[in-house]
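See below for the structure under consideration.
The values are calculated or read from the model by the stated rules, or taken from the named source; none is laboratory data. Computed from a predicted model, the values in this text were never measured in an experiment. Here the Cβ is made from the backbone with ideal geometry for all residues, glycine too, and neighbour counts use every protein chain on show. With ligands, DNA and RNA removed, areas are computed over all heavy atoms of the protein, side chains included. Shrake-Rupley method; radii C 1.70, N 1.55, O 1.52, S 1.80 Å.
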Amino acid sequence: MTNTLLPVTFTFISVLAILMIPMTGWIGMRRDKVSTLRGDGGDPELFKRIRIHGNLMENAPLLALVMGAAEYAGLGTGWLWLAVATFVVGRISHFALFDSRKRGLAMFVTVLPSVVMGVWLLVQIWL
């Protein structure tokens, strides 16, 4: 094993890249079942799967960027893994609460690590 720069961030990115295979397949299986090549074809389940995947892809890159910057700036490994765990809890909650009015709480948990690390970075740079 090599001494990798930004090991927590690179692990997070690697796991996300691997997860894209089953997530894309999950959508593809539903597309096949409802015979829809593009869009959701008016199928609520396909729409849900597309949005769950899309929401992950909308939020994960920002976390990866801010986490990489925070890791490079010296944020401790424990805090970085806590950020990853919080993000994962938010994503799982978003999946479980997708049809609930409590879904906003899941989104709050999802974006919380990015916001906290962003504030931490600003403090490190400017104060």
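If you take the square roots of the eigenvalues of the alpha-carbon gyration tensor of the stretch 79-127 and sort them as a ≥ b ≥ c, do you get rounded (a/c under 1.5), prolate (a/b over b/c) or oblate? Oblate shape, in that a/c is at least 1.5 and b/c is the bigger or equal ratio. Using a 1.4 Å probe on the protein chains only, how many percent of the accessible area of the chain belongs to carbon and sulfur? Within the chain, the accessible surface is 70 percent carbon and sulfur. Taking packing as the residue-averaged number of other Cβ atoms within 10 angstrom, the listed peptides 26-34, 88-96 run from highest to lowest as 88-96, 26-34.
Taking the centroid of alpha carbons for each part, the stretch 86-107 and the stretch 11-28 are 18 Å apart. Mind running the shape call on the stretch 52-98? Use the C-alpha gyration tensor, a ≥ b ≥ c as the square roots of the eigenvalues: rounded below 1.5 for a/c, prolate if a/b tops b/c, oblate otherwise. Since a/c reaches 1.5 but b/c is at least a/b, the shape of the stretch 52-98 is classed as oblate.
Taking 2.2 N^0.38 Å as the expected size of a compact globular protein, what ratio does the Cα radius of gyration of the chain give against it, to two decimals?
Working it through for the chain, the quotient is 1.21.
Axis of helix 103-126 versus longest Cα principal axis of the chain: the two differ by about 30°, to the nearest ten degrees. Relative to the longest principal axis of the chain, what angle (0 to 90°, nearest 10) does the C-alpha long axis of helix 44-72 take? The answer is roughly 10 degrees. Computed from Cα positions, the angle between helix 77-96 and the longest principal axis of the chain comes to roughly 20 degrees.
In the full protein context, the chain carries 64 Å² of accessible surface per residue, based on a 1.4 Å probe and ignoring ligands, DNA and RNA. With a simple spin-label model that places each label point 7 Å from the Cα along the Cα-to-Cβ direction, the separation between L105 and L121 comes to 2.9 nm. The modelled label-to-label distance for the pair F10/M29, using points 7 Å beyond Cα in the direction of Cβ, is 3.3 nm.
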